[in-house]
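To start, the structure under review is shown below, and the notes come after it.
The values are calculated or read from the model by the stated rules, or taken from the named source; none is laboratory data. If you're wondering where the values come from, they're calculated on a predicted model, not measured in any experiment. A quick note on method: Cβ atoms are made from the backbone with ideal geometry, for glycine too, and the neighbour counts reach across all protein chains shown. The accessibility values were calculated without ligands, DNA or RNA, using every heavy atom of the protein model including side chains. Shrake-Rupley method; radii C 1.70, N 1.55, O 1.52, S 1.80 Å.
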Amino acid sequence: MIKILYIGKHKEILDTVVRLLNANDEWFGIGAETDEEALELFSTYDFALVLLGCGISEESEQLLITAFRNQKPDIVIIQHYGGGSGLLKNEITSALQDHNFI
């Protein structure tokens, strides 16, 4: 099972993305609304991929990326700002293939 962390500041979008992630039998998705929650989850689970969603400030994004890469240098991090479930699946599948996870 591929663990995916989605970080976004809009609760409704976060809930939708996590629901879409978990609709795929091969994925386990968890969402975080705050930097602190994202950092705690990242320390708890062995994520293969992090999705950075909308509403994250540039400062927070850099802080999170640095912290994640310090803990797991090979972590796959991509940005996802929406576009439907088909786009989400394609973005994740492509990123995982590029990094030999699938």
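Among residues of the stretch 60-75 that are free of Cβ contacts under 8 Å to residues at least 12 places away in the same chain and assigned to a helix (DSSP H, G or I), those with a Cβ under 7 angstrom from a residue that is open to solvent by less than 90 Å² (accessible area, probe 1.4 Å) and of a type outside the set (S, T, N, Q), sequence gap 6+ or separate chain, pair up as 61/52; 69/75. Look at the stretch 1-28: where a residue is within 18 Å of residue 94 (Cβ to Cβ) and of a type in the set (S, T, N, Q) and a partner is in a helix (DSSP H, G or I) and open to solvent by 30 Å² or more (accessible area, probe 1.4 Å), sitting 6+ places away or on another chain with Cβ atoms under 9 Å, you get 24/89. Of all the listed residues (94, 43), the sole one being at pLDDT below 95, open to solvent by 30 Å² or more (accessible area, probe 1.4 Å) and either of a type in the set (S, T, N, Q) or assigned to a helix (DSSP H, G or I) (or both) is 94. Within the stretch 25-40, being outside any helix (DSSP H, G or I) and of a type in the set (Asp, Glu) holds for 25, 26, 33.
Being outside any helix (DSSP H, G or I) and not aromatic (Phe, Trp, Tyr) is the filter here; which residues of the stretch 5-24 pass it?
Selection gives 5, 7, 8, 9, 10, 23, 24.
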